[in-house]
Amino acid sequence: QQPVQSPQAVILREGEDAVINCSSSKALYSVHWYRQKHGEAPVFLMILLKGGEQKGHEKISASFNEKKQQSSLYLTASQLSYSGTYFCGTESKTSGSRLTFGEGTQLTVNP
Amino acid sequence: KAGVTQTPRYLIKTRGQQVTLSCSPISGHRSVSWYQQTPGQGLQFLFEYFSETQRNKGNFPGRFSGRQFSNSRSEMNVSTLELGDSALYLCASRLTSGRFDEQFFGPGTRLTVL
């Protein structure tokens, strides 16, 4: 079962903040975040592991609530380059190393 | 370091034909995963190979198969193509299968089945 992302779409003005959420009904080992621009491949943003470890880009921040099996991606002081579709991919105990992706959140940043 | 490469980038086939897609991972990466991306279904996991062995498989019919060579390059084959197989096929490489290893995606192969 794929994780649920919210919101499905969000429109911002440059400089505004946004939060994208990813929820799973399964016990997760890790959450991976990617951004995909139209016609391009998904680009890695961040990994969050059960237990608190995380790895990713300096300008991106995220959290992982193990009790709720929920992760949030925080985009602050948004720039035009942040526009794209954000996907979360989850790994659970039963999934092995495969990633199950959410349907994506479309983010548009306008001048 | 060169990124993940996929060939061909675009492909047009007709129903009933078969197709082979190729993926070369980042040098040193031993894990290759394949995904199908469509507007309606999003990113769907097909399979993962690590050191020439299939480690994980998604919920796709047996018409979808893959393999990995000793140099970590991977191929994906789809036989008896159906219209619904039209999609962007993405390959992603990982250093290992470890949970702390990020996946790097290639540019994809856009397959159109007529």
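So how far apart, in nm, are the two label points at A:Y74 and B:Q41 if each is 7 Å from Cα heading toward Cβ?
3.7 nm
Among A:Y86, A:H57, A:P3, whose Cα projects farthest towards the positive end of the dipole of chain A, with charges put on the beta-carbon of Lys, Arg (+1) and Asp, Glu (-1)?
Most positive-ward Cα: A:P3.
B:T14 label point, 7 Å along Cα→Cβ, cut-off 18 Å on backbone N: hits in the range B:79-114?
B:79-86, B:112-114
Net charge near A:V109: determine it from the other residues with C-beta under 13 Å of the C-beta of A:V109, scoring Lys and Arg +1 and Asp and Glu -1.
0
Step through the table entries A:K93/B:K13; A:K26/B:K57; A:K26/B:K13; A:K37/A:K59; A:K37/A:K93, compare each Cα-Cα distance with 28 Å, and write down the pairs that go over it.
In this structure, A:K93/B:K13; A:K26/B:K13; A:K37/A:K93 lie more than 28 Å apart at Cα.
For the protein assembly as shown, give the share of DSSP beta bridges that are antiparallel, in percent and rounded to the nearest 5; count only bridges with both residues there.
If I count the DSSP bridges inside the protein assembly as shown, around 90 percent turn out antiparallel.
Measuring from centroid to centroid over Cα atoms, what is the spacing of the range A:1-72 and the range B:30-84 in Å?
24 Å
How high is the relative contact order of the range A:2-78, given as a whole-number percent (alpha carbon pairs under 8 Å, six or more residues apart)?
The normalised contact order for the range A:2-78 reaches 35 percent.
If you take every residue apart from A:R98 with its C-beta less than 9 Å away from the C-beta of A:R98, what net charge results, scoring Lys and Arg +1 and Asp and Glu -1?
In short, 0.
All of the numbers you see were taken from the coordinates with simple rules; none came from a lab. Note that the structure is predicted; figures quoted are calculated from it, not measured. Counting neighbours? That spans all protein chains shown, and the Cβs are built from the backbone with ideal geometry, glycine included.
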